[in-house]
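The structure appears below as structure tokens.
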Amino acid sequence: MSGVPAASASQAKKRGKKHTFLYEHSLSIASIALLSLWIILYVFSTPSTHFGSFFGNAIADWSGVVVTVIATKYLYEKGSAESRTPKGFLGPTMEWLRDHSLSLFLIATGVGWVVLFAKMDPNAKWGQVVGNIVSEWTQILGLVLLTKHMIERHSKESRS
């Protein structure tokens, strides 16, 4: 460590300091790299072993991390502490779509995962993983919707 306090990308821009693409997207890149690692390890493992079971669960968990990091970066849910603040005014229909883009994305992709899971053998190697991804998507959507109206005392996201 250099002893210099870490600054956010927005703070650095205010001071005129520019960061590399890798620095500004390191969380997304690292999350995708870890998800890729779990997928590769799972492909070459046996799901009935402890390692295989762990890798399969890690795929679902890290899929959730990747979607949380990337979707909350670009999409918005009005009233949710888990998403960024939008900029600009749009027409009423486009504004509604923007205001609920995070939920709409999670619902649309969640339906895709449910359809895929319904066509799979839930006890097959990838069926278990896809079932866990459906669960992960449900948790993320639930968190987004719950944070629209509920708070948790002493939580940074709950402060207004």
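The values are calculated or read from the model by the stated rules, or taken from the named source; none is laboratory data. Remember, predicted model here, so these are calculated numbers, not experimental data. FYI the Cβ positions are ideal-geometry reconstructions off the backbone, even for glycines, and counts take in every protein chain you see. Side chains are part of the model used for accessible areas, which takes the heavy atoms of the whole protein and leaves out ligands, DNA and RNA. Shrake-Rupley method; radii C 1.70, N 1.55, O 1.52, S 1.80 Å.
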Region 22-46, subset surrounded by 14 or more Cβ atoms within 10 Å (Cβ to Cβ) and in a loop (DSSP other than H, G, I, E, B), residue farthest from the chain's Cα centre (by Cα): 45
Selection within region 62-77 - open to solvent by 20 Å² or more (accessible area, probe 1.4 Å) and hydroxyl-bearing (Ser, Thr, Tyr): 68, 72, 74, 76
Selected residue (only one of 22, 37 is modelled with pLDDT of 95 or more and over 20 Å from residue 139 (Cβ atoms)): 37
Output for region 104-154, where each listed residue is open to solvent by less than 80 Å² (accessible area, probe 1.4 Å), part of a loop (DSSP other than H, G, I, E, B) and touching a residue at least 60 places away in the same chain (Cβ under 8 Å): 147, 148
Region 91-103, residues that are within 18 Å of the chain's Cα centre (by Cα) and part of a helix (DSSP H, G or I): 98, 99, 101, 102, 103
